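One structure is given here, and the rest of the page talks about it.
The values are calculated or read from the model by the stated rules, or taken from the named source; none is laboratory data. All figures in this text were calculated on a predicted structure; none of them were measured in a lab. Don't worry about glycine lacking a Cβ; one is built from the backbone with ideal geometry, like all the others, and counts go over all protein chains shown. Surface areas here come from the heavy atoms of the whole protein model, side chains and all, with no ligands, DNA or RNA. Shrake-Rupley method; radii C 1.70, N 1.55, O 1.52, S 1.80 Å.
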Amino acid sequence: MRFQFAAGAALTLALAAVAASAHDHATLRGRLVFADHEKPVVRVLDLDSGEVTHSFDVPKPNPSFASAEGGRFIVIKTGDEAGTIRFLDSGLRYESHGDHVDVDKGPVRLLDFAVKGDRPAHVVSRHGQIALFFDGDRPWERKSEPKAVLVDLKSLDGKSPVSETWPSPAPQHGIAIPLGRRQWLMSVPNVMYAKGEDRSASSRPDGFEILERNKGWKRLASFNDPARTDASCKLFHGYAESKGRHVFGCNDGVDGGVLVLARDAAGRWTARKIAYPDERRVSAIKARTGARYAVANYGLRGPYNALLRIDPATALLSAPDVLPVPGGQPACQFDLDAGGDRLANLTPDGKLRVYEIAPTWRELASFDAVPAFDCQYGAKSPTPSLGIVGNSAFVSDPTSGRIREFHLDTLKQGLDMPVGGMPANLAGGGDAG
């Protein structure tokens, strides 16, 4: 299945299809938030009208996004010198009715509330909380304040959002994960990096602690023992949650694999390591709530030119779990549909490929979505972005000023919308890496 650029008719036909819903009322599509490669603005596209309805100024072009739990609030990492994170209220509220989800569209607003810190990085939202991790600067460069700022999502509706700060013991490319029950998973800094004596040491953590927040931070469990591969995660990078199991990407090599943390029947935290199928490792992991599988990019120090299917309940990952990216290209951008059954992968050749994950990897469709592009980190040329909203994959095309939609269930092209400017990063999917 191939898609060649369709300009005018696709929008009209798709909107007509929405109006002809099988339900007894029109099902609204919602909104899509996107950034611009050249202009310091964040804009909002109405998926029902195909019009850009809101525009908000930000300090720099093309900030990155993360979606808070529930999808209403969008986290904007502005990229300014102060390390400012802002919150955009998309106005969207969702109500599930089994066979469909109703969307209510309230006012769109950029909140006055902002959080600042040294090197904002991972953003994770669970259990009514959102955790913003600030890595801090390299210890040999200057003194900084690494931390996690923990925000109550419901409080974002009020005038004074509720937040508290967990001070990291030292700089680290770390992560904070809300676990519910006033419990948090916090990464533990790499000692060699924290000391600042060895400038070749990695900022990536090697383990985690489970902390309980009451009057202080009480340690409930530790998974930071370098002598035990099943209780540590050397050079951690990549995280997702699947059916209550927390999956972390760890180092390559004979002791490499993904670390899985979960509560047992008694509520105690347990850990085990699932070895990789070969000498490679993962770097980014995607999963959907309630889905069996997570999916990660897979490679060895770049390019990550394969995808790895991960069942956190399994004892073994093997060759059939690995999907090579066609042409040996970097996996670039990928994400899962709402049910976690299908994966969309946007590669540098400009193609969007849709795969069925199980029982075996299977390509279902391939679209010529955008012109070929450079997806290497720091690329100066405009980079298209992939965002998943429900069962639709949206792809920005900076060179033509358009955003295109591809349905992951029907495997057909949806909207093809001219939005002007150079649309780049899209808000859709889940947590930020």
Any residue that is in a strand (DSSP E or B) and under 23 Å from the mean Cα position of the chain (by Cα) - is there at least one of those in region 374-386? yes
Out of (1) part of a loop (DSSP other than H, G, I, E, B); (2) at pLDDT 95 or above, what's the single condition that is false for Phe208? (1)
Going through (1) outside any loop (DSSP other than H, G, I, E, B); (2) under 15 Å from Leu317 (Cβ atoms); (3) more than 24 Å from the chain's Cα centre (by Cα) one by one, Asp255 fails only at (1)
Which of the residues belonging to region 322-339 are more than 19 Å from the chain's Cα centre (by Cα) and among the hydrophobic types (A, V, I, L, M, F, W, C)? Val322, Leu323, Val325
Exclusive hit being within 24 Å of Lys351 (Cα to Cα), assigned to a loop (DSSP other than H, G, I, E, B), open to solvent by less than 60 Å² (accessible area, probe 1.4 Å) and at pLDDT below 95, set Gly50, Gly71: Gly50
Strands (runs of 3 or more DSSP E) wholly inside region 148-189 containing at least 1 residues that are among the aliphatic types (A, V, I, L, M): 176-180, 183-188
Conditions (1) in contact (Cβ under 8 Å) with a residue 60 or more places away in the chain; (2) open to solvent by 10 Å² or more (accessible area, probe 1.4 Å); (3) farther than 17 Å from Met422 by Cβ; number of the one not met by Pro312: (2)
Please enumerate the residues belonging to region 264-290 that are part of a loop (DSSP other than H, G, I, E, B) and in contact with a Ser or Thr (Cβ under 6 Å, 6 or more places away or on another chain). Asp264, Pro277, Ala287
Given (1) in contact with a helix residue (DSSP H, G or I) (Cβ under 6 Å, 6 or more places away or on another chain); (2) under 30 Å from Gly106 (Cβ atoms), index of the condition Val151 fails: (1)
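Can you say whether Val101 is of a type in the set (Val, Ile, Thr), more than 30 Å from Gly136 (Cα to Cα), at pLDDT 60 or above and over 20 Å from the mean Cα position of the chain (by Cα), as far as the supplied structure shows? Let's see the steps before the verdict.
Numbers: of a type in the set (Val, Ile, Thr): yes; more than 30 Å from Gly136 (Cα to Cα): yes; at pLDDT 60 or above: yes; over 20 Å from the mean Cα position of the chain (by Cα): yes.
Yes, satisfied.
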Quick check, is Tyr239 of a type in the set (Phe, Trp, Tyr) and over 28 Å from Lys147 (Cα atoms)? no
Taking first residues from region 83-100 that are part of a loop (DSSP other than H, G, I, E, B) and second residues anywhere that are at pLDDT below 95 and among the polar types (S, T, N, Q), the pairs with Cβ under 8 Å that are 6 or more apart or on different chains are His100/Thr27
Given the residues Ser163, Ser187, which is the only one that is surrounded by fewer than 21 Cβ atoms within 10 Å (Cβ to Cβ), of a type in the set (Ser, Thr, Tyr) and in contact with a strand residue (DSSP E or B) (Cβ under 9 Å, 6 or more places away or on another chain)? Ser163
Do we find that Lys243 is touching a Cys at 6+ places or on another chain (Cβ under 6 Å) and open to solvent by 40 Å² or more (accessible area, probe 1.4 Å) in this structure? no
Please go through region 254-296 and pick out each residue that is of a type in the set (D, E, K, R), within 18 Å of Ile177 (Cβ to Cβ) and surrounded by 21 or more Cβ atoms within 10 Å (Cβ to Cβ). Lys286, Arg288
Please go through region 355-374 and give me each residue that is more than 12 Å from Phe406 (Cα to Cα) and either open to solvent by 30 Å² or more (accessible area, probe 1.4 Å) or touching a helix residue (DSSP H, G or I) at 6+ places or on another chain (Cβ under 6 Å) (or both), ordered by number. Glu356, Ala358, Pro359, Thr360, Trp361, Arg362, Glu363, Leu364, Pro371, Ala372, Asp374
Can we say Val123 is among the β-branched types (Val, Ile, Thr), under 20 Å from Lys159 (Cβ atoms) and in a strand (DSSP E or B)? no
Looking at region 340-357, can you tell me whether even one residue there is in a loop (DSSP other than H, G, I, E, B) and within 16 Å of the chain's Cα centre (by Cα)? yes
